[in-house]
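One structure is given below, encoded as structure tokens.
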Amino acid sequence: MKVPKVINPLTGNSMSLSPGSILSLIGGALLLLFSITAAQKIGSKVEQKTSLLDFSPDPLTRAEVKVANSKAYFG
Amino acid sequence: MPQKYRGALTRPDIMTDATVNVFASRFTQIGEVKIGAGIWYTLGYGFSASQGDAEGRIYAIFQTAVPAEVKGTLRIEAFTPDDRNIAVLFESRTEALNSSATDRTKQIPFPEMMQALGEDYKFKFFFKADADNVLTSANCTIVIDITKESKSG
């Protein structure tokens, strides 16, 4: 069976790629891709959670704070 | 301990003279409420300004001795103890004020305002009629929800 050869750009040597090594290369690339995607999803979830924590209080509470902060007392 | 609670101003609190002359050309004072010691009064009650849900309301009807309704504009102002004007707090036509004597959901929503008046300060009530007339206080109805806040100590 003919095995594809790849030239190493650093050394100039040719390398044989067996089916197993090709599969492992593809698998590694896929694993890297999944890792990046998962990290992005986790990161966005963390961002969402942060924004939920920063979410404003319910309208009634906000209105109470507003009136209390806007009061002007004469006398 | 300071306390905040609902109150009301009614016609007997405001209009103390038996009759009041009102004019088409100018606003005439028809009454006032002077705040007592140890408490703040704020016009309005609650937070909502929703027509259906507001807790605070204002209703008023002004009539002659007949009785016949006198149409015009009511204005409420805040004054210092030495009768210096602070601000106009509210102004409305009688057509809006005399919405329904019994159905509060039809009355003008009146949420708590910003200005709280303390001892010796006054709410003054002015009326500009569409035509010169004489109001008979006993035939007039005023119901204004207010917020009372007691001072600490």
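Residue-wise test of (1) open to solvent by less than 40 Å² (accessible area, probe 1.4 Å); (2) within 14 Å of chain A (Cβ to nearest Cβ).
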| residue | (1), (2) |
| --- | --- |
| B:Asp83 | no, yes |
| B:Glu95 | no, no |
| B:Thr102 | no, no |
| B:Gly118 | yes, yes |
| B:Ser152 | no, yes |
Test: residue in the stretch B:125-140 that is under 19 Å from B:Ala8 (Cβ atoms), more than 12 Å from every other protein chain (Cβ to nearest Cβ) and in a loop (DSSP other than H, G, I, E, B): yes
Conditions (1) within 14 Å of chain A (Cβ to nearest Cβ); (2) within 11 Å of the chain's Cα centre (by Cα); (3) not in a strand (DSSP E or B); number of the one not met by B:Glu77: (3)
Flag for B:Leu117 being in contact with a strand residue (DSSP E or B) (Cβ under 8 Å, 6 or more places away or on another chain), over 30 Å from B:Pro2 (Cα atoms) and touching a residue at least 12 places away in the same chain (Cβ under 8 Å): no
Pairs where the first residue, in the stretch B:11-25, is open to solvent by less than 70 Å² (accessible area, probe 1.4 Å) and modelled with pLDDT of 95 or more and the second is basic (Lys, Arg) and in a strand (DSSP E or B), C-beta under 9 Å, 6+ apart: B:Val22/B:Lys128; B:Phe23/B:Lys128; B:Ala24/B:Lys128
Failed item in (1) away from every other protein chain (no Cβ under 14 Å); (2) under 13 Å from the mean Cα position of the chain (by Cα); (3) among the hydroxyl-bearing types (Ser, Thr, Tyr); (4) buried (at least 19 other Cβ atoms within 10 Å of the Cβ), with B:Thr147 passing the rest: (1)
Options B:Ala49, B:Ala87, B:Ala138: the member that is open to solvent by 50 Å² or more (accessible area, probe 1.4 Å) and either closer than 26 Å to B:Val20 by Cβ or not aliphatic (A, V, I, L, M) (or both): B:Ala138
Odd one out for B:Phe90, checked against (1) away from chain A (no Cβ under 14 Å); (2) touching a residue at least 40 places away in the same chain (Cβ under 8 Å); (3) more than 25 Å from A:Tyr73 (Cβ to Cβ): (3)
Residues satisfying the stated conditions in the stretch B:100-124, i.e. assigned to a strand (DSSP E or B) and aromatic (Phe, Trp, Tyr): B:Phe123
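The values are calculated or read from the model by the stated rules, or taken from the named source; none is laboratory data. Nothing here was measured: the structure is a model prediction, and the numbers come from that model. Don't worry about glycine lacking a Cβ; one is built from the backbone with ideal geometry, like all the others, and counts go over all protein chains shown. To get the accessible areas, we keep the full protein, side chains included, count just its heavy atoms, and leave off ligands, DNA and RNA. Shrake-Rupley method; radii C 1.70, N 1.55, O 1.52, S 1.80 Å.
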